[in-house]
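Notes follow once the structure below has been shown.
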């Protein structure tokens, strides 16, 4: 999962169609983006070649401003690559303890008895400044 409206790095692999050379200079990779099934737009490509056909793309926060993001990486001498990203407003480690307690209370009693002491211990450590 990726966090909505947060910059991230996407690693991908593109192969040259000629099979003679696996590398494609990063500046020649064109990136298109769609947000929530909207219009496909070309965006400035911040693509870096890492070696042996592997690349990384630095997506800006505004590139991830939606629930479902589609990236299309193209190059005239390579097979195009499509990459879907689903975003969330909060990552799991950002969910507050109250939400977590509510979620646990909806589970069967046996599971509640296992998980609740862990949450309470974490809450106490947070209150005492140990987290």
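Structure summary
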{"item": "Residues within segment 20-45 that are over 18 Å from residue 3 (Cβ atoms), outside any strand (DSSP E or B) and modelled with pLDDT of 85 or more, tallied", "result": "6"}
{"item": "Boolean, residue 65 is in the same structural domain as residue 6 (by TED's automatic domain parsing) and under 21 Å from residue 6 (Cβ atoms)", "result": "yes"}
{"item": "Some residue of segment 109-131 being modelled with pLDDT of 65 or more and part of a loop (DSSP other than H, G, I, E, B)", "result": "no"}
{"item": "Selection count, segment 47-100, where residues are modelled with pLDDT under 85, assigned to a loop (DSSP other than H, G, I, E, B) and in contact with a strand residue (DSSP E or B) (Cβ under 6 Å, 6 or more places away or on another chain)", "result": "3"}
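The values are calculated or read from the model by the stated rules, or taken from the named source; none is laboratory data. Owing to the predicted nature of the structure, the values given are computational and were not obtained by experimental measurement. Don't worry about glycine lacking a Cβ; one is built from the backbone with ideal geometry, like all the others, and counts go over all protein chains shown.
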